[in-house]
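J.: Structure incoming, see below.
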Amino acid sequence: MKIGILQTGHAPDELLKTEGDYDAMFRALLAGEGFTFETFNVVDGQFPEGADMAEAWLITGSKHGAYEDHPWIAPLEALIREIAAAGQPLVGVCFGHQIIAQALGGKVEKFAGGWAVGRQTYTIEGKALSINAWHQDQVVALPPNTRVLGGNAFCENAVLMIGERILTIQPHPEFGAGVIRGLIEHRGGAVPPAQIAEAKSALQSPTQRGAFRDMMVAHLKRQTAEATA
């Protein structure tokens, strides 16, 4: 199965040698499942010719806001709607979660409640799961035909199923402790010091990122199998 990775941002330069760029993090996360990948750096204006360039799609995180005025935002939203209309499997993470919701009729805004940084715990389909996060923006209004699969008191709309073929996740299953440490060091200036300290103290605490990975894999394989049946 070929997955097109729509890369909407780049990791800090200081992390590239040790952690790789965001697309490399997803390739590592989803390794061993029979997937092949092609990256399109949409943040740099590199777009696929159409939704049929891959069997399934994944949209990465980004330092940018879905509501910001960048020349690549509108074409990305159009591509999301094309993928949705074609019934192809789609997964979005953090910014990807937000831009998909916005493109399909939801609303994203800079959350008045502030930031979520580092290890966070969510209730996902009745189970408490901890995973790393790094965001201030949130989906505050849902697109039509959306089910909320999980969230917490800070981020109610953390895991969404839009229709049956689009899964979106606000936190980062691709972020291990090394990525969070690097973001704290190189992109943590806007985050309140108390939250930075709390995130640092939790760096060695276990997460259930594997459970989120498994959710993504199951979604991609199930939806692609159904689409080709």
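J.: What number goes with the only condition from (1) in a helix (DSSP H, G or I); (2) in contact (Cβ under 8 Å) with a residue 24 or more places away in the chain; (3) over 12 Å from the mean Cα position of the chain (by Cα) that residue 74 does not pass?
T.: (2)
J.: Further question on the same structure: Would you pick out the residues in the range 27-50 that are of a type in the set (A, V, I, L, M) and assigned to a loop (DSSP other than H, G, I, E, B)? Steps first, please.
T.: Within the range 27-50, the first condition is being of a type in the set (A, V, I, L, M), and the residues that meet it are 28-31, 42-43.
Listed by number, the residues that qualify are 30, 31.
J.: Please tell me if residue 212 is hydrophobic (A, V, I, L, M, F, W, C) and either touching a helix residue (DSSP H, G or I) at 6+ places or on another chain (Cβ under 7 Å) or closer than 29 Å to residue 4 by Cα (or both).
T.: yes
J.: Which residue pairs have Cβ atoms under 9 Å apart, sit 6 or more places apart or on different chains, and have a first residue in the range 202-229 that is of a type in the set (D, E, K, R) and a second that is loosely packed, with under 13 Cβ neighbours inside 10 Å and at pLDDT 95 or above?
T.: 221/34
J.: Look at residue 29 and say whether it is touching a Pro at 6+ places or on another chain (Cβ under 7 Å) and not aromatic (Phe, Trp, Tyr).
T.: Considered against the rule, which asks whether it is touching a Pro at 6+ places or on another chain (Cβ under 7 Å) and not aromatic (Phe, Trp, Tyr), residue 29 comes out as yes.
J.: Looking at (1) farther than 21 Å from residue 103 by Cβ; (2) surrounded by 16 or more Cβ atoms within 10 Å (Cβ to Cβ), can you tell me which one residue 203 breaks?
T.: (2)
J.: Could you tell me whether the range 51-65 includes any residue that is among the β-branched types (Val, Ile, Thr), assigned to a loop (DSSP other than H, G, I, E, B) and in contact with a Gly (Cβ under 7 Å, 6 or more places away or on another chain)? Walk me through it before giving the result.
T.: Filtering the range 51-65 down to residues among the β-branched types (Val, Ile, Thr) leaves 59-60.
From what's left, assigned to a loop (DSSP other than H, G, I, E, B): 60.
Adding the requirement that they be in contact with a Gly (Cβ under 7 Å, 6 or more places away or on another chain) leaves 60.
Yes, because at least one residue in the range 51-65 is among the β-branched types (Val, Ile, Thr), assigned to a loop (DSSP other than H, G, I, E, B) and in contact with a Gly (Cβ under 7 Å, 6 or more places away or on another chain).
J.: Further, regarding this structure: For the list (1) surrounded by fewer than 22 Cβ atoms within 10 Å (Cβ to Cβ); (2) within 14 Å of the chain's Cα centre (by Cα), I need the number of the one condition that residue 95 fails.
T.: Going through the list (1) surrounded by fewer than 22 Cβ atoms within 10 Å (Cβ to Cβ); (2) within 14 Å of the chain's Cα centre (by Cα), residue 95 breaks only (1).
J.: Mind telling me which of the residues 133, 112, 101 ends up being over 28 Å from residue 50 (Cα atoms), touching a strand residue (DSSP E or B) at 6+ places or on another chain (Cβ under 8 Å) and either buried (at least 23 other Cβ atoms within 10 Å of the Cβ) or free of Cβ contacts under 8 Å to residues at least 24 places away in the same chain (or both)?
T.: Only one candidate qualifies: 133.
J.: Restricting to the range 45-64, give me the number of residues that are touching a residue at least 24 places away in the same chain (Cβ under 8 Å) and under 18 Å from residue 11 (Cβ atoms).
T.: Number of matching residues: 7.
J.: Can you tell me which residue among 191, 117, 159, 217 is within 19 Å of the chain's Cα centre (by Cα) and surrounded by fewer than 22 Cβ atoms within 10 Å (Cβ to Cβ)?
T.: 217
J.: For the range 64-98, which residues satisfy the criterion of being within 23 Å of residue 182 (Cβ to Cβ) and either aromatic (Phe, Trp, Tyr) or modelled with pLDDT under 95 (or both)?
T.: 95
J.: Output yes when any residue across the range 24-43 is in contact (Cβ under 8 Å) with a residue 24 or more places away in the chain, loosely packed, with under 15 Cβ neighbours inside 10 Å and of a type in the set (S, T, N, Q), and no when none is.
T.: Yes, because at least one residue in the range 24-43 is in contact (Cβ under 8 Å) with a residue 24 or more places away in the chain, loosely packed, with under 15 Cβ neighbours inside 10 Å and of a type in the set (S, T, N, Q).
J.: Sticking with this one: So if I check each of 33, 55, which one is of a type outside the set (Lys, Arg), modelled with pLDDT of 95 or more, in contact with a strand residue (DSSP E or B) (Cβ under 6 Å, 6 or more places away or on another chain) and within 14 Å of residue 3 (Cα to Cα)?
T.: From the options 33, 55, the qualifying one is 55.
The values are calculated or read from the model by the stated rules, or taken from the named source; none is laboratory data. Remember, predicted model here, so these are calculated numbers, not experimental data. Using ideal geometry, Cβ is built from the backbone for each residue, glycine included, and neighbour counts are taken over all protein chains shown.
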